[in-house]
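**Student:** Dropping a structure here in structure tokens format, bear with me for questions.
The values are calculated or read from the model by the stated rules, or taken from the named source; none is laboratory data. Predicted model only: the values in this text are computed from it and were never measured. Cβ: placed from backbone, ideal geometry, glycine included. Neighbour counts: every protein chain shown. For accessibility, only protein heavy atoms count, side chains too; no ligands or nucleic acids. Shrake-Rupley method; radii C 1.70, N 1.55, O 1.52, S 1.80 Å.
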Amino acid sequence: KSIVANKEMPLLNRAVSGLYPPGSSFKTVTAVSALGNLNNVYGKTFDDTGKLAVNGTELLENYNGEVLGNLDFKSAYVHSSNVVFGTLGLDLGNNALKETAEKFYFNKNIPSVGLTIENSKFPTYKNNEKGNIAQSGIGQSGVLATPMQMALVVSTVANNGIMMQPMMVKEILSSKGKSIEKIEPKQLGQIMPGETARSMKELMRGVVAEGTGTNAALQNIVVSGKTGTADHDDPSKQKAPHSWFTGFAPYDNPKIAIAVIVEDGGQGGGIAAGITRQLIETYLQ
């Protein structure tokens, strides 16, 4: 009874059933959508004044009120500009960004072997809901994702735009060790063009090399990724944001893709990036 009544929900399999605002880790989806839908966005220059306002109404601001100034698309991603990605959310509009999110299986059942994965959520907003549309571009407002969903997003980037079906078991053996069945890897589809995936890989490498994710860097392995600092619940409760990091390694020949979330863990560039670094190092070495 005490376990069932525990508000921390210890029996919830957070990897596949925990729904969280993904925060800036979702900017990967927004970036993919922008590259596919907005002309010449990669070469565009943005002015980040620290706050995004429409008709005098402030829609969002950067973490800790940071002002990043003139930025190109890569710098906006590498330094995780909320102002630029909120602006991209508005430029794309709800329909286009939702369509991209659904290509990544938001709002859908994710086919899998040995797993039941809760549907991640990308909401529908009316055109006049500017605040929600801008916030959705930075993975806030009504956007909710499982860690498995965000691991699939980053693994799709690492895998040249092809999403693979999640599976728990590679092979079934008899009690005597004889192979009974092998589960073959299965593609779920080409979610983005290979060229877009290559651009995203380069952006994610920049995050760890010079941006918000330097805490995930390793000396002999090139790690690529995206931090996320996700506000949640009632701000009056003064809870720390969730700390996210999604990444892959090595850059040239990816072997592992990973999503880490630390509930109430603070900035994504801190504890979640550090955990990712340790996990990747252990896995690859």
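**Student:** Being closer than 18 Å to S25 by Cβ and either free of Cβ contacts under 8 Å to residues at least 40 places away in the same chain or touching an Asp or Glu at 6+ places or on another chain (Cβ under 6 Å) (or both) is true for just one of P250, P241, P254, P185. Which residue is that?
**Tutor:** On inspection, the qualifying residue turns out to be P241.
**Student:** Okay, moving on. Pairs please, first residue from segment 152-166 and in contact (Cβ under 8 Å) with a residue 40 or more places away in the chain and assigned to a loop (DSSP other than H, G, I, E, B), second anywhere and surrounded by fewer than 24 Cβ atoms within 10 Å (Cβ to Cβ) and not small (G, A, S), Cβ atoms under 6 Å, 6+ apart in sequence or on different chains.
**Tutor:** Partner pairs satisfying both residue conditions: Q165/P111; Q165/K186; Q165/L188; P166/L115.
**Student:** OK, next. Could you check segment 1-72 for helices (runs of 4 or more DSSP H) lying wholly inside it with 1 or more residues that are under 28 Å from T276 (Cα atoms) and touching a Leu at 6+ places or on another chain (Cβ under 9 Å)?
**Tutor:** Ranges flagged: 14-17, 27-37.
**Student:** Filter segment 172-187 down to the residues that are closer than 12 Å to V113 by Cβ and either loosely packed, with under 10 Cβ neighbours inside 10 Å or in contact with a strand residue (DSSP E or B) (Cβ under 6 Å, 6 or more places away or on another chain) (or both) and list them by number. Even if it seems obvious, please write down each step before you answer.
**Tutor:** Keep residues of segment 172-187 that are closer than 12 Å to V113 by Cβ, which gives 172, 181-186.
Within segment 172-187, I172, E181, K182, I183, E184, P185 qualify.
**Student:** Looking at I256, I261, which is the one that is within 15 Å of the chain's Cα centre (by Cα), at negative phi and open to solvent by 10 Å² or more (accessible area, probe 1.4 Å)?
**Tutor:** Exactly one of I256, I261 is within 15 Å of the chain's Cα centre (by Cα), at negative phi and open to solvent by 10 Å² or more (accessible area, probe 1.4 Å), namely I261.
**Student:** List every residue pair whose Cβ atoms sit under 7 Å apart, with the two residues 6 or more apart in sequence or on different chains, where the first one lies in segment 101-121 and is under 18 Å from I133 (Cα atoms) and of a type in the set (S, T, N, Q) and the second, anywhere, is assigned to a loop (DSSP other than H, G, I, E, B) and open to solvent by less than 40 Å² (accessible area, probe 1.4 Å).
**Tutor:** N107/F122; S120/F106; S120/T146
**Student:** Could you tell me whether any residue of segment 69-83 is more than 19 Å from E210 (Cα to Cα), aliphatic (A, V, I, L, M) and touching a helix residue (DSSP H, G or I) at 6+ places or on another chain (Cβ under 9 Å)? Give the derivation first.
**Tutor:** At the first step, the residues of segment 69-83 found to be more than 19 Å from E210 (Cα to Cα) are 83.
Now drop any that are not aliphatic (A, V, I, L, M), which leaves 83.
Those still in the list that are touching a helix residue (DSSP H, G or I) at 6+ places or on another chain (Cβ under 9 Å) too: 83.
Within segment 69-83, one or more residues are more than 19 Å from E210 (Cα to Cα), aliphatic (A, V, I, L, M) and touching a helix residue (DSSP H, G or I) at 6+ places or on another chain (Cβ under 9 Å).
**Student:** From the list N37, N62, which one is over 17 Å from the mean Cα position of the chain (by Cα), polar (S, T, N, Q) and closer than 18 Å to K130 by Cα? Outline the logic, then answer.
**Tutor:** Values: N37 fails: closer than 18 Å to K130 by Cα.
On inspection, the qualifying residue turns out to be N62.
**Student:** Any chance you could count how many residues in segment 122-146 are closer than 26 Å to P193 by Cβ, under 16 Å from the mean Cα position of the chain (by Cα) and not in a loop (DSSP other than H, G, I, E, B)?
**Tutor:** Looking only at that region, the number is 2.
**Student:** From the residues in segment 86-119 that are part of a loop (DSSP other than H, G, I, E, B) and within 13 Å of V29 (Cα to Cα), which one is most open to solvent (accessible area, probe 1.4 Å)?
**Tutor:** It comes out as Y105.
**Student:** Can you tell me which of G189, G161, G177, G213 is of a type outside the set (D, E) and within 21 Å of G269 (Cα to Cα)?
**Tutor:** Values: G189 fails: within 21 Å of G269 (Cα to Cα); G161 fails: within 21 Å of G269 (Cα to Cα); G177 fails: within 21 Å of G269 (Cα to Cα).
That would be G213, the only listed residue that is of a type outside the set (D, E) and within 21 Å of G269 (Cα to Cα).
**Student:** Just give me the residues in segment 267-285 being within 16 Å of the chain's Cα centre (by Cα) and touching a residue at least 60 places away in the same chain (Cβ under 8 Å), in sequence order.
**Tutor:** Once the filter is applied, which keeps residues that are within 16 Å of the chain's Cα centre (by Cα) and touching a residue at least 60 places away in the same chain (Cβ under 8 Å), segment 267-285 yields Q267, G268, A273, T276.
**Student:** Shifting gears a bit: Select from segment 147-169 the residues that are open to solvent by less than 50 Å² (accessible area, probe 1.4 Å) and over 12 Å from the mean Cα position of the chain (by Cα) and write down the one among them that is nearest to L90 (Cα to Cα).
**Tutor:** Checking each candidate, the answer is G161.
**Student:** Check L59, L88 and return the single one that is modelled with pLDDT under 95 and in contact with a helix residue (DSSP H, G or I) (Cβ under 9 Å, 6 or more places away or on another chain). Explain how you work it out, then say what you get.
**Tutor:** Numbers: L88 fails: modelled with pLDDT under 95.
Only one candidate qualifies: L59.
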